[in-house]
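Participant: Dropping a structure here in structure tokens format, bear with me for questions.
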Amino acid sequence: MKLEATVDGLMDGLRADLERLAAIPSISFPGFPAGPVEEAHDLLAGLLRDAGVPHVERLDLPDTAPVIYGEILPPTPEAPTVLLYGHYDVQPPGDEALWKSPPFEPTPVEGGLRARGIADDKSNVIAHLGMLRAYGGRPPVGIKIVIEGQEEYGSAFDDYPPSDPERFACDAMVIADLGNLRPGTPTLTTGLRGACEVVVEVRTLDEPRHSGEFGGAAPDALLVLLKALGTLHDVHGDVAVEGLRREEWDGTTYTEEEFRDLAGVRDGVPLIGSGSLGERLWSGPAITVIGLDAPSVEHAASAVVPYARAKLNLRFHPRQDPREARDRLVDHLRSLRPFGVPLTVTPGDTGPGYEAATGGPAYRAALAALKEGWGEDASYVATGGSIPLVNGLAKAAPGAEVLLFGAQDSMCNLHAPNERVLFSELRNTVVAMCAFVREYAAGHGTGADA
Ligand SMILES: [Zn+2]
């Protein structure tokens with residue numbers, strides 16, 4: 001009860017700081033000004049110093065925005081060290097006409113606030129700050145805090161931690177760049193699917209040819225491509241490419257109704273694939289056609305199409321080797337001869353998935369802490385999105401347990417118009433963060449009260 005009262009007493013201040021931070025359009029995409037990124041960096045670095053972090057450093061690394069690095073030494077030699085991660089940059093707002101209020105004017109909504117980046121990931125950065133304030137800057141564990149500024153666009157920072165392992169050495173890390181399956185359901189994310197892209201091209205004729213004079217015998221490149229794409233899934237919509245790992249999902253998942261609503265699936269349109277939603281979304285593969293080059297309907301001439309290409313996005317099981325997964329898709333496409341025509345297949349970038357080891361002391365502490373935060377047992381989920389830095393951090397600190405939880409929720413519209421955060425989720429995350437460091441320290445024979 002004392003912890004909850006402490007956190008409740010901090011909430012007005014945390015809300016005010018979240019509003020200040022969310023009012024800054026810290027977008028680290030090309031074409032956006034660097035000033036606000038600097039401003040968000042400076043505000044946050046100052047807030048951390050004021051919260052009692054004795055060492056706050058600015059890391060200027062190539063090809064990325066400044067990274068905030070802070071450190072609090074462990075209070076005793078036995079106390080473990082916890083690395084806290086978040087990012088202060090945000091997605092661009094997209095079409096502002098779709099927003100119900102200006103994206104960088106934090107605006108009250110029922111139970112929370114609306115603004116770009118207020119959930120992803122400024123809420124979690126503020127949750128870290130809340131934990132530090134609750135302990136007056138002297139938590140019962142050592143702290144390393146890493147807040148980067150170019151997560152959304154992608155940055156060279158992902159590969160940096162293994163080159164400076166001492167800086168990132170820790171016993172556990174809290175990657176707070178996600179949140180709960182639904183508001184009020186405490187959730188630990190244990191897996192992230194891997195991703196890769198593949199481009200497939202077809203050239204059948206030198207140039208377009210009159211469809212009346214040549215159609216019927218001259219091979220249409222678009223038709224060839226569509227036939228090829230049609231082999232990627234079976235009649236149920238399950239991926240039909242051999243060798244892509246697929247397992248049952250044994251954690252929690254969405255109800256079908258929640259998922260339809262989240263995805264905005266139109267009435268009368270069924271979902272695709274079979275098996276549980278967890279299996280379709282997290283522990284099985286997905287192939288999406290994300291781009292197609294072909295004549296547009298508006299400019300269509302009555303001609304046989306000589307050339308077409310498509311870009312595919314493959315998501316694969318957290319533990320499947322990325323190159324193996326990509327090769328399975330590439331081999332499948334290269335083996336095809338729709339109407340006898342071969343395809344040109346170009347493999348693109350791959351990013352590995354991630355699966356957290358569960359059952360260690362930090363995991364047990366996190367389960368107890370999430371229960372304390374939300375008053376309910378934690379659920380396990382995976383996510384289809386990837387957090388590339390997780391692999392870099394895990395390589396730098398291979399013995400550390402990795403915990404993924406935070407103040408976002410699946411209904412917070414991240415990367416979409418009208419992003420919002422709920423105060424209940426933020427408050428409960430701060431309670432859980434405080435309880436986590438307390439429980440984790442206690443497991444190492446050191447304790448302290450918030
Ligand atoms: Zn994020």
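Quick note: the coordinates plus some simple rules give every number you see, no bench work behind them. All of these numbers come straight from a predicted model, not from anything done at the bench. Positions of Cβ are generated from backbone atoms using ideal geometry, with glycine treated the same way; all protein chains shown enter the neighbour counts.
Participant: Can you pull the one-decimal nm distance between simple spin-label points at GLU242 and ASP60, each 7 Å off the Cα toward Cβ?
Facilitator: Simple spin-label model gives 5.6 nm for this pair.
Participant: Here's something else I'd like to know. Once you've got the Cα coordinates, tell me which of LYS100/LYS227; LYS371/LYS395; LYS144/LYS371; LYS100/LYS371; LYS144/LYS311 are over 32 Å apart.
Facilitator: LYS100/LYS227; LYS100/LYS371; LYS144/LYS311
Participant: Would you mind calculating the gained length between ALA16 and THR344 on full extension (0.36 nm times residue separation, minus the Cα-Cα distance), in nm to one decimal? Can you show the working numbers first?
Facilitator: Details: separation 328, 0.36 × 328 = 118.08 nm, distance 5.50 nm.
So the extension gain works out to 112.6 nm.
Participant: Same structure, new question: Using a 7 Å offset from the Cα along the Cα-to-Cβ direction at both ALA97 and ALA300, what is the distance between the two label points in nm, to one decimal?
Facilitator: Going from the ALA97 label point to the ALA300 one covers 2.6 nm.
Participant: Taking a point 7 angstrom from the Cα of GLU257 along the C-beta vector, which residues in region 175-201 have backbone N less than 16 Å away?
Facilitator: 182-183
Participant: Same structure, new question: Taking θ = phi - 60°, what integer Hz values does the Karplus form 6.51 cos²θ - 1.76 cosθ + 1.60 yield along region 8-25, in sequence order, with x for Gly and Pro?
Facilitator: 4, x, 8, 4, 4, x, 5, 4, 4, 5, 5, 5, 4, 5, 6, 7, 9, x
Participant: For region 1-43, what ratio Rg/Rh do Cα atoms give with a Kirkwood hydrodynamic radius?
Facilitator: Working: Rg = 14.9 Å, Rh = 12.1 Å.
Here Rg/Rh amounts to 1.23.
Participant: For a quick check: sort VAL109, VAL305, VAL174 by the number of other beta carbons within 10 angstrom, fewest at the front.
Facilitator: Details: VAL109 15, VAL305 23, VAL174 30.
Lowest to highest Cβ neighbour count: VAL109, VAL305, VAL174.
Participant: If you take every DSSP beta bridge whose two residues both sit in the chain, what share of them, in percent to the nearest 5, is antiparallel?
Facilitator: Details: 44 of 67 bridges.
Within the chain, antiparallel bridges account for around 65 percent of the total.
Participant: Using the scaling law 2.2 N^0.38 Å as the reference, what is the normalised Cα Rg of the chain? Spell out each step's value before the answer.
Facilitator: Values: Rg = 24.2 Å, N = 450, 2.2 N^0.38 = 22.4 Å.
It is 1.08.
Participant: While we're on this one: Give me ASP12, ASP409 ranked fewest to most by other Cβ atoms within 10 Å of their Cβ, as a rough exposure proxy.
Facilitator: Working: ASP12 9, ASP409 24.
The order, fewest Cβ neighbours first, is ASP12, ASP409.
Participant: Right, something else. If Lys and Arg each add +1 and Asp and Glu each add -1, what is the summed charge of the other residues whose beta carbon sits under 10 Å from the beta carbon of THR81? Could the numbers behind the result be given before it?
Facilitator: On the way: positive: LYS144; negative: GLU71, ASP171.
Taking every Cβ under 10 Å from that of THR81, the sum is -1.
Participant: Work through the residues other than ASP60 whose Cβ is under 13 Å from its Cβ and net out their charges, Lys, Arg +1 and Asp, Glu -1.
Facilitator: Details: positive: ARG58; negative: GLU38, GLU57, ASP63, GLU148.
Value of the local net charge: -3.
Participant: Follow-up. Ranked by Cβ crowding within 10 angstrom, fewest neighbours first, how are HIS233, HIS128 ordered?
Facilitator: On the way: HIS233 16, HIS128 27.
Ordered from fewest to most neighbouring Cβ atoms within 10 Å, HIS233, HIS128 come out as HIS233, HIS128.
Participant: Let me ask something additional. To the nearest 10 degrees, how steep is helix 322-334 against the longest Cα principal axis of the chain, on a 0 to 90 scale?
Facilitator: Around 10 degrees separate the two axes.
Participant: Report the net charge of residues surrounding CYS170, where surrounding means a beta-carbon distance below 14 angstrom and charges are Lys +1, Arg +1, Asp -1, Glu -1. Provide the component values of the computation, followed by the final result.
Facilitator: Values: positive: LYS144, ARG167, LYS395; negative: GLU71, ASP164, GLU166, ASP171, GLU401.
With Lys, Arg at +1 and Asp, Glu at -1, the net is -2.
Participant: Another question about this same structure. In a GNM of the chain with a 10 Å cut-off on Cα contacts, which of VAL37, VAL390, VAL345 has the highest mean-square fluctuation?
Facilitator: The residue with the greatest mean-square fluctuation here is VAL345.
Participant: Calculate, in nm to one decimal, what SER211 and ILE272 gain on full extension: separation in residues at 0.36 nm each, minus their alpha carbon distance. Each step should come with its number before you reach the end.
Facilitator: Numbers: separation 61, 0.36 × 61 = 21.96 nm, distance 3.46 nm.
The SER211-ILE272 span can extend by a further 18.5 nm.
Participant: Compute the convex hull volume of the Cα atoms of region 225-380, divide it by the residue count, and report the result per residue in Å³ as a whole number. Write down the numbers at each step before the final one.
Facilitator: Working: hull volume 26.5 nm³, N = 156.
Cα convex hull per residue, to the nearest whole number: 170 Å³.
Participant: Report the residues of region 366-390 in range of a label on ASN313: point 7 Å along Cα→C-beta, backbone N strictly under 19 Å from it.
Facilitator: 382-390
Participant: Is the C-alpha gyration tensor of region 191-299 telling us rounded, prolate or oblate? Criteria: a/c under 1.5 is rounded; beyond that, a/b larger than b/c is prolate, otherwise oblate.
Facilitator: Numbers: a/c = 2.92, a/b = 2.11, b/c = 1.38.
It is prolate, given that a/c is not under 1.5 and a/b is the larger ratio.
Participant: Please report the relative contact order for the chain, taking Cα pairs under 8 Å with a sequence separation of at least 6, and give it as a percent rounded to a whole number.
Facilitator: Working: 1006 pairs, mean separation 116.0, N = 450.
In percent, rounded to a whole number, it is 26.
Participant: Explain nothing, just compute: Karplus ³J(HN,Hα) = 6.51 cos²θ - 1.76 cosθ + 1.60, θ = phi - 60°, for every residue of region 87-95 in order, whole Hz, x for Gly and Pro.
Facilitator: Couplings: 9, 9, 8, 9, 5, x, x, x, 5 Hz.
Participant: Calculate one ³J(HN,Hα) per residue across region 258-265 by plugging θ = phi - 60° into the Karplus curve 6.51 cos²θ - 1.76 cosθ + 1.60, and present them in order as whole Hz with x for glycine and proline.
Facilitator: Computed from phi, the couplings for region 258-265 are 4, 5, 4, 5, 4, 7, x, 6 Hz.
Participant: Please work out the FRET efficiency for the pair ASP331 and LYS227, using the Cβ-Cβ distance as r and a Förster radius of 25 Å; give the result to the nearest 0.05. Don't jump to the answer; show the numbers that get you there.
Facilitator: Working: r = 18 Å, r/R0 = 0.70.
My answer for the efficiency is 0.90.
Participant: Can you list residues from other chains, or at least 5 along the same chain, whose modelled amide H is less than 5 Å from the amide H of ALA51?
Facilitator: So ALA51 has HN proximity to no qualifying residue.
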